[in-house]
Amino acid sequence: MEKFLTLTSTIVPLPIENVDTDQIIPARFLKATDKNGFGDNLFADWRYNKDGSPKADFVLNNSLYSGSILVAGKNFGSGSSREHAAWAIAGYGFKVVVSSFFADIFQNNALNNGVLPVVVSAEFLSEVFNAVNTDSKVTLTVDLQNQTVTNNASGKSENFEINAYKKECLLNGLDDIDYLLSKRDMIEAYEVAR
Amino acid sequence: MNTNEQTPPSGGQGATLFDKIWDAHVVSSVENGPTQLYIDRHFCHEVTSPQAFNGLRARGLKVFRPDKTTMTADHNTPTIDQDQPVKDPISRNQLDTFARNAADFNMPLFYPLGHEKNGVVHIIGPENGFTQPGMTIVCGDSHTSTHGAFGTIAFGIGTSEVEMVLATQCILQTRPKTMRITFNGKLGEGVTAKDLALYMISKLTTGGATGYFVEYAGEAIRNMSMEERMTVCNLSIEMGARGGMIAPDEKTFMYVNGREFAPKGEEWEQKLAYWKTLKTDEGAKFDKELVFDAADIQPMITYGTNPGMGMGITDSIPTLDQIDEAGRISFEKSLNYMGFQAGEKLEGKQIDYVFLGSCTNGRIEDFRIFANYVKGKKKADNVTAWLVPGSWKVEQQIREEGLLDILTEAGFKMRQPGCSACLAMNDDKVPAGKYAVSTSNRNFEGRQGPGARTILASPLVAAAAAISGRITDPRA
Ligand code: SF4
């Protein structure tokens with residue numbers, strides 16, 4: 001997994017609430033047996049017409065907006081446990097998703113793929129949406145070490161929460177499996193003791 | 001595994017059911033971090049596992065405890081001609097990969113298409129006795145919460161976590177908060193477990209229980225059969241909960257007893273003694289408590305594109321001014337997709353498809369309810385009905401109980417087991433713009449096929465719609 005330290009980027013705004021995993025990656029794309037290529041089908045049903053041509057009114061098809069930070073309405077990633085949703089977000093090139101609320105499993109899946117979910121207040125979120133409406137080139141800065149996110153249009157900054165262990169993992173590019181494998185002895189001892 | 005020899009839960013006096021099971025499965029705790037939790041049963045299906053097995057290969061690892069993983073193909077499988085080769089080459093490749101992984105890693109509990117134990121993962125777990133009280137259970141599928149009906153900690157995980165379980169039989173989890181939801185009183189005539197769950201989700205919204213593990217309690221829950229309890233726990237995830245659980249009781253023990261993988265003889269007696277201790281102690285504290293009156297619940301339908309957008313079948317869709325401002329864009333987008341108007345009543349509206357099935361309502365009781373309603377009636381000509389049993393065992397029971405004859409008489413056909421139109425990965429897709437009254441669990445945009453419009457409901461409401469061709473109050 002890649003290390004994550006700080007990131008300053010323009011943003012892609014998606015001011016819709018309850019964006020569920022079936023929108024992030026529809027089920028018919030889950031037939032693959034590897035993790036590659038999901039980025040092309042991120043938000044497929046919002047992004048493409050039936051014939052595969054891009055839908056002009058969807059934000060990913062609007063050249064005004066780009067960047068590696070996705071900013072979405074509250075309760076992002078609800079629904080299925082499919083990690084394909086995180087692979088699609090990462091595969092498209094997003095490194096951070098900002099929202100005022102995330103579904104649990106999505107949050108875990110994102111972290112396990114080096115994508116940082118940043119929870120901000122509802123006010124902060126709506127200010128970012130307003131700022132990007134006025135100027136599509138607005139940037140956000142996310143600093144993982146200090147756990148801050150800054151709206152560079154207003155200079156306003158907020159702290160965000162992240163589990164200390166997960167933070168260490170991201171800062172060092174380590175994953176959970178490495179950790180668990182190092183605990184095999186304890187696992188065997190647990191099995192014997194019960 | 002000898003669960004009765006465990007030291008008493010560290011929760012001690014005043015522990016919740018959740019605390020007791022969680023504490024019995026802690027292997028270690030990461031400082032300032034998550035808990036390393038031992039997993040008793042892992043269910044595995046073809047869609048969320050291939051990348052996990054590839055991960056093991058890349059790291060040169062074996063499966064740590066192959067007998068603790070049960071594998072069934074269900075998500076991406078056809079519901080007709082299962083004895084023929086699967087037509088879609090990409091789906092076939094996924095199923096072949098699943099079989100290859102089972103063989104390469106010497107997995108003893110592998111139930112491919114056509115196997116007598118094959119079916120939807122959350123249906124075959126309980127019916128074969130894999131699911132037992134006090135267990136920790138995971139699966140790369142969010143509706144793993146279903147198994148909580150037996151007094152287990154059961155929840156959905158991502159593929160990275162599937163790999164962790166295969167490699168170490170453990171995962172790292174942050175301890176969730178606990179919530180108890182109590183349903184006092186009795187459900188009314190024609191009101192089912194599905195209605196209770198849809199009612200609850202409409203009150204809490206789809207994110208209302210995020211971060212919590214829920215215990216269901218109260219008279220209405222106690223009165224439920226195991227099948228009904230599974231329906232309620234199954235839908236926990238639709239309000240964002242990590243999982244849902246119900247303390248085991250005589251009904252639970254009766255259900256488990258005698259199933260193939262259930263403990264036998266002396267082991268049964270030992271386990272039973274332990275299982276009887278699995279309930280929330282008096283005075284135990286929950287982070288949140290909610291209480292509902294079961295008598296307030298009507299047969300429910302959804303009108304929007306998430307399971308929280310539900311209402312009583314005779315009610316009207318909310319008007320715009322009843323929706324808070326930040327949610328209006330999503331609300332209007334949702335109604336627009338569904339082709340409904342704010343403030344509109346849906347009773348009497350014509351529908352096109354009916355789907356009976358899924359891990360929410362694909363069990364024998366669901367077919368009994370449906371068959372009982374349609375007995376002696378005829379399916380409406382405008383309705384295409386897909387009746388998909390959750391497993392081959394359910395299918396067999398439908399035949400044995402004579403339900404198939406009733407259904408056939410009323411103009412229905414039965415398909416072969418699988419997830420089917422619940423997520424429409426196979427050919428069972430509702431066409432764009434068509435309305436489907438569905439007993440499944442998600443009405444997301446495109447869930448049942450691109451452009452498909454899903455109205456979630458109970459098997460009873462689905463039966464009434466199948467007969468009248470319209471959204472119909474089954475009590476009328
Ligand atoms: S029936 Fe639907 S919800 Fe249940 S496991 Fe299958 S796809 Fe998932």
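The values are calculated or read from the model by the stated rules, or taken from the named source; none is laboratory data. From a predicted model like this one, the values you see are computed outputs, not experimental measurements. When we count neighbours, we look across all protein chains shown, and the Cβ atoms used for this are built from the backbone with ideal geometry, even at glycine. We work out accessible area using only protein heavy atoms, side chains counted, and drop any ligands, DNA or RNA first. Shrake-Rupley method; radii C 1.70, N 1.55, O 1.52, S 1.80 Å.
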Requested in this report: With the checklist (1) touching a residue at least 60 places away in the same chain (Cβ under 8 Å); (2) over 15 Å from B:VAL120 (Cβ atoms); (3) in a loop (DSSP other than H, G, I, E, B) in hand, flag the one item B:THR48 doesn't pass.
Outcome: (2)
Query raised in the report: Would you call B:GLU227 among the acidic types (Asp, Glu), more than 14 Å from chain A (Cβ to nearest Cβ) and within 16 Å of the ligand (Cβ to nearest atom)?
Result: yes
Query raised in the report: Taking region A:52-70 as the search range and keeping residues that are in contact with a Phe, Trp or Tyr (Cβ under 7 Å, 6 or more places away or on another chain) and within 14 Å of another protein chain (Cβ to nearest Cβ), which one is most open to solvent (accessible area, probe 1.4 Å)?
Result: A:LYS55
Report summary line: Flagged pairs (Cβ under 6 angstrom, 6 or more apart or on separate chains; first in region B:51-70, in contact (Cβ under 8 Å) with a residue 24 or more places away in the chain; second open to solvent by less than 10 Å² (accessible area, probe 1.4 Å) and among the β-branched types (Val, Ile, Thr)) are B:GLN51/B:THR159; B:ALA52/B:THR159; B:ALA52/B:VAL162; B:PHE64/B:THR168
Requested in this report: Could you list, in sequence order, all residues of region B:431-473 that are part of a loop (DSSP other than H, G, I, E, B), within 14 Å of another protein chain (Cβ to nearest Cβ) and more than 25 Å from A:LYS50 (Cβ to Cβ)?
Outcome: B:ASN441
Query raised in the report: Quick one: how many residues across region A:89-102 are in contact (Cβ under 8 Å) with a residue 40 or more places away in the chain and either within 11 Å of chain B (Cβ to nearest Cβ) or part of a strand (DSSP E or B) (or both)?
Result: 2
**Report entry** Which listed residue is outside any helix (DSSP H, G or I), within 10 Å of chain A (Cβ to nearest Cβ) and of a type in the set (A, V, I, L, M, F, W, C), from B:ILE171, B:ILE137
**Finding:** B:ILE171
Report summary line: Exception for A:ARG82 within (1) surrounded by fewer than 18 Cβ atoms within 10 Å (Cβ to Cβ); (2) facing chain B (nearest Cβ under 9 Å) falls at (1)
Report task. Starting from residues that are open to solvent by 30 Å² or more (accessible area, probe 1.4 Å) and not in a loop (DSSP other than H, G, I, E, B), keep the ones in region A:11-45 and report whichever is nearest to the ligand (Cβ to nearest atom). Result -> A:ARG28
Query raised in the report: Which of the residues that make up region B:238-287 are away from chain A (no Cβ under 14 Å), out of contact with any strand residue (DSSP E or B) (no Cβ under 6 Å at 6 or more places or on another chain), over 20 Å from B:MET226 (Cα atoms) and surrounded by 15 or more Cβ atoms within 10 Å (Cβ to Cβ)?
Result: B:ASP281, B:ALA284
